[in-house]
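Below: the structure, in structure tokens.
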Amino acid sequence: MSPIVRLRDMRQDEYDAYSEQQLREYVESQTGLVSTEAALRKAHRDRERFLPHGLATERHRLLVAENDSGEMVGTVWLGLDSPGSKDESDGRSAEMAWLYDIRVDTAYRRSGYGAAILSAVEVLARDAGALRLGLNVFGHNTPALALYERSGYEVTTQQMAKRLR
């Protein structure tokens, strides 16, 4: 039986901690690909582009997932516009929500919380009018890939790279 989760809006203190952790993890994920300074610059540019007003950014929801005991089991960043699409005349904004980030706290991994959180996010996006939910996932993140495939997600684009040095 899957665990039950409830999504609620992040508080400012939770957002501050989430932002710091996300920045650290992004820079770590880029180690060996670009310099630390370049990774930091990109992370800050992306934050300014996608979350210019933090928690108050329009059409973005930063959420905490809690289990039925009220314990925080994860976090979610959901955009109700697809990335790079601010013009609703192209039809994408109204149709597609975007899962920028989903995290399950280490103590709760491999216990069904990822699927429960993902399912709750899908309901939230559907209730907001989205017809599709998109996301990006690193190719080396096999647990996340398995979760998304089990949940019915399909590859729609694929990037590849080859290290030259």
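Cβ-Cβ distance of residue 164 and residue 40, R₀ of 30 Å, FRET efficiency by 1/(1 + (r/R0)^6): the value works out to about 0.85. When a 1.4 Å probe is rolled over the protein heavy atoms, the share of accessible surface on the chain that falls to carbon and sulfur comes to 50 percent. Extension gain for residue 151-residue 30 works out to 40.8 nm (0.36 nm per residue, less the C-alpha to C-alpha distance). Relative to the Cα centre, the charge distribution of the chain, modelled as +1 at Lys and Arg Cβ and -1 at Asp and Glu Cβ, gives a dipole magnitude of about 620 debye. At a probe radius of 1.4 angstrom, the accessible area of the stretch 6-151 per residue rounds to 58 square angstrom.
In the chain, helical runs assigned H by DSSP with n ≥ 4 each contribute -39500 (n - 2.57); averaged across all residues and rounded to the nearest 500, the mean residue ellipticity at 222 nm is -11500 deg cm²/dmol. Of all complete DSSP H helices in the chain, those with a Cα span along the helix axis of 15 Å or greater and a mean Kyte-Doolittle hydropathy of 0.0 or more are 113-127. In this structure the amide hydrogen of residue 73, modeled in the peptide plane, comes within under 5 Å of the amide hydrogens of 65, 66, 67, none closer than 5 places in sequence on its chain. The HN-Hα couplings worked out from phi for the stretch 65-78 by the Karplus form 6.51 cos²θ - 1.76 cosθ + 1.60 (θ = phi - 60°) are 9, 10, 7, 5, 9, x, 7, 6, 10, x, 9, 9, 10, 10 Hz, whole numbers, x standing for Gly and Pro.
Within the set (1) 52, 32, 31; (2) 65, 37, 31; (3) 48, 42, 34, the number that Cα extents along the principal axes in Å takes when calculated for this structure is listed as (3).
The values are calculated or read from the model by the stated rules, or taken from the named source; none is laboratory data. Note that the structure is predicted; figures quoted are calculated from it, not measured. Glycine gets a Cβ as well: all are built from the backbone with ideal geometry, and neighbour counts include every protein chain shown. Protein only, heavy atoms only, side chains kept; ligands, DNA and RNA dropped before computing areas. Shrake-Rupley method; radii C 1.70, N 1.55, O 1.52, S 1.80 Å.
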